[in-house]
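Here's the structure, in C-alpha cells; my notes come after.
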Amino acid sequence: MYQSIVSRLAIEKQHFDDLGGVVKHLLASYSLYLISYPILGVFINAYFWRQTSDITLIAAYNFGFFIALPLGFYFNGLLLKRINILKLYWLGMILQGVAAFLVIFLPTTSFDQVLLYGLIYGVGSGLFWGNKNYISLKLTKGHNRLYYNNFESVLEIGSNILSPLIMGWFIVLGEYAGLCTVDTAYKLLMVGALILLTIGGYLLQSADIYSEQIDHVTVLHPSRRWNLNRVINVIYQSLSGINFIIPNILVLMFVGEEGILGTVESVAAIIASIMLYVVGRKSRPHHSQKVVGIASL
C-alpha cells in the first residue's frame, strides 16, 4: 500500500511538472491571491462593524465595489492598448490590497471616504479579473488546460475552507491569549496580505505573453440572444451582490465575532464544494436549466 501511494504521488508530481515553469508561477500567483482574499473582502466588513456598528459604512464600501467593478473591466480594455496585460494584472492585485490597507490603517466614519475605498477595491478587482482568465487561457492548452483548471478549483476550495477559519480565529484568539489586540491582528493580516499580493503579481512578470490588439471594448452589434443573456446576468449578479453582503452582516449582528464569521464562511465553502461535486457527478447537459433554476431559488 505504501508503494502504491508513493507511485501515485510520483505520477501526480509528473503531471504537475508537465505544466511548465510559467504555468506553475501562475498557480503560485493565484494561490497567494486566494490566501489574501478573506482579509480583502469578508473581514473588512467585520472590521467596519467592530469599529462603528454602522451598517451604512459596510453598505458604502460594498456599493463602491460593485459600482467600480464593471468600470474596472472597461478601463482595463482601454489600458490594454498601452500597457502590457501582465502589468495590469499586477496592478489589479495591488489596488485590491491598497483599498483594504486604507480601510484598516486610515479608518474613517465618513461615508464618502469609505465609498472611495470601495471604488478603489472595485477598480482593482476589475483589472485583476479582466486579465487573469485571459492569461490562464494563453498560458495553458489542451490536456494541460484541463489539468490546470481542476488544480485551480482544488486550490480555491481549499483556500475558501481554510483561510477564513484561520484568519477569523487568529483575530479573536490573539486578544484572548494576550498576544495582540484585535486592531493589531487586523493590521498584521493586512500587511501580510499586501506582501503576498505584491509577490503574486511579480511572479508572472517574466511570462512570455503580450496584450492582444484591442479594436473596441464593447460589443458593436450584439444579437438579441446576447442582450437577453446580459439582462439575465445583470439580474443574477445583482442578487449575488446582495448575498455577498447580507449574510456577513447577519452573522456580525447576532454573533459579532470574527472567529464565528470565519467558521461560517468555511462551513459554507465545504457545503458548496460537496454540492458542486454532486451536481457535477450526477447531472447531465439537459439538466442545466433545472440546476440554474434551483440554484437561483
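The values are calculated or read from the model by the stated rules, or taken from the named source; none is laboratory data. Given the structure is predicted, the values throughout are model-derived calculations rather than measurements. Quick reminder, even Gly has a Cβ in these numbers, built from the backbone with ideal geometry, and neighbours come from all protein chains shown. Note: areas computed on protein heavy atoms with side chains; ligands, DNA, RNA excluded. Shrake-Rupley method; radii C 1.70, N 1.55, O 1.52, S 1.80 Å.
Evaluated at q = 0.08, 0.09, 0.19 Å⁻¹, the base-10 log of the normalised Debye intensity for region 27-178, with identical point scatterers placed on the Cα atoms, takes the values -0.26, -0.33, -1.19. Summing +1 for each Lys or Arg and -1 for each Asp or Glu among the other residues whose beta-carbon sits under 12 angstrom from that of Phe105 gives 0.
FRET efficiency for the pair Phe244 and Ala177, taken as 1/(1 + (r/R0)^6) with r the Cβ-Cβ distance and R0 = 30 Å, rounds to 0.40. Among the listed values [x] 1.14; [y] 1.07; [z] 1.27, the one computed from these coordinates for Cα Rg over 2.2 N^0.38 Å is [y]. For region 216-227, the Karplus equation 6.51 cos²θ - 1.76 cosθ + 1.60, evaluated at θ = phi - 60°, returns couplings of 8, 8, 9, 6, 6, 10, x, 7, 4, 5, 4, 4 Hz by residue, with Gly and Pro reported as x. Volume of the convex hull of region 24-80 (Cα atoms only), normalised per residue: 89 Å³.
Here the chain is scanned for trypsin sites (Lys or Arg not before Pro) in DSSP loops (not H, G, I, E, B) that have at most 14 other Cβ atoms within 10 Å, and the longest stretch holding none of them is 142-297.
To put it simply, the accessible area of region 176-297 at a 1.4 Å probe is 66 percent carbon and sulfur.
With the simple model of a label 7 Å out from the Cα in the direction of the Cβ, Ile195 to Lys24 spans 2.3 nm. Relative contact order for the chain: 28 percent, from Cα pairs under 8 Å spaced at least 6 residues apart, divided by residue count.
How charged is the neighbourhood of Leu34? Take every other residue with its Cβ under 12 Å from the Cβ of Leu34, and add Lys/Arg as +1 and Asp/Glu as -1. Once positives and negatives cancel, what remains is -1.
Extension gain for Leu228 to Asp208 (0.36 nm times residue separation, less C-alpha to C-alpha distance): 3.5 nm. When restricted to Cα atoms, region 197-297 yields an Rg and a Dmax of 19.9, 51 Å, respectively. Diffusion coefficient of region 50-133 by Stokes-Einstein, Kirkwood radius over Cα pairs, 4 °C, 1.567 mPa s: 101 µm²/s. For region 104-263, dividing the convex hull volume of the Cα atoms by the residue count gives 190 Å³ per residue. Note on Lys282: lysines with a C-alpha under 26 Å away, same-chain residues under 8 apart excluded, are Lys290.
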